[in-house]
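Reading through the structure tokens given below for one structure.
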Amino acid sequence: MSQIKVSYFDVDGGRGEPIRIVLHAAGIPFEDFRFGYGEFADVRKTTPLGQVPTVNIEGVQYTQSSALLRYFGKAADLYPQDPFQALLCDEIIDGSEDLTNKLVASFGLQGDALKSAREAFVTGPLTLYLGWMAQKLAAQGNYFANGKLTIADLKVFMLLRWLGSGQLDHIPTDSVTRIAPSLQAYAERIGADPVVSSYYQARAAK
């Protein structure tokens, strides 16, 4: 694989970050095209579906973050070859997307409407999905699938970090700790994993 360009917001998180980490883990060079939120209106005009991340491979632009994550995850040996383990991995990835979409539905709201929507999100979907993830993790052990780090872990790690970042109004930064403390400990462990830490060390060195 060569001439790869990842286009996503200039943030160390979100749907694009796991793709960047997996490419780094696979030793695949790529152009990391980052842009500010104010530039998105122009960038989206150049994308197939008006959304990011996109990945340009040999001059052809591809979309859908989970599909891209699976594709590159295979190259990095971070996606299970066993069909059942792949199911466990995919279930968590799709669940993470479900929860993210429920949160994104509140974007654009303001004032009391935003406060009400976010509070309902915390007591409803967030509590439900984090509880479900905690049960899944407990059933499998240290990782969600395959007995080792997979792209599912990267996906959940980014989501948990975002929830605790303080960037989301009306979502307490200790929500994960209060709802599913095992996931908070899990996120700290994944953040220290060599696959993840080496990516950020390389990024800091640039």
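Quick notes on this structure:
- Verdict on V22 being surrounded by 16 or more Cβ atoms within 10 Å (Cβ to Cβ), more than 24 Å from A145 (Cα to Cα) and not assigned by TED's automatic domain parsing to the domain that holds V156: no
- Filter result for L103 (more than 13 Å from the chain's Cα centre (by Cα), among the aliphatic types (A, V, I, L, M) and in the same structural domain as I151 (by TED's automatic domain parsing)): yes
- Set R118, R203, R161: member being modelled with pLDDT of 95 or more and under 15 Å from P18 (Cα atoms): R161
- Look at (1) under 29 Å from Q140 (Cβ atoms); (2) among the charged types (D, E, K, R); (3) free of Cβ contacts under 8 Å to residues at least 40 places away in the same chain and you find that R70 fails only one, number (3).
- In segment 23-72, the residues that are of a type in the set (V, I, T) and either within 15 Å of the chain's Cα centre (by Cα) or not in a helix (DSSP H, G or I) (or both): I28, T46, T47, V52, T54, V55, I57, V60, T63
- Cβ pairs under 6 Å, 6+ apart, first in segment 152-165 and farther than 10 Å from I190 by Cβ, second among the aromatic types (F, W, Y): A152/F144
- Residues that are hydrophobic (A, V, I, L, M, F, W, C) and either surrounded by 17 or more Cβ atoms within 10 Å (Cβ to Cβ) or over 14 Å from the mean Cα position of the chain (by Cα) (or both) were ranked within segment 4-19; the one that is farthest from W162 (Cα to Cα) is I4.
- Within segment 170-188, residues that are outside the structural domain of Q135 (by TED's automatic domain parsing) have Cβ atoms under 6 Å from residues that are β-branched (V, I, T) and assigned to a loop (DSSP other than H, G, I, E, B) in no pair, counting only partners at least 6 apart in sequence or on another chain.
- Restricted to segment 78-117, and to residues there that are charged (D, E, K, R) and surrounded by 15 or more Cβ atoms within 10 Å (Cβ to Cβ), the residue that is farthest from N142 (Cα to Cα) is K102.
The values are calculated or read from the model by the stated rules, or taken from the named source; none is laboratory data. Model, not experiment: these values are computed from the prediction. For neighbour counting, all protein chains shown are included, and Cβ atoms are generated from backbone atoms with ideal geometry for every residue, glycine included.
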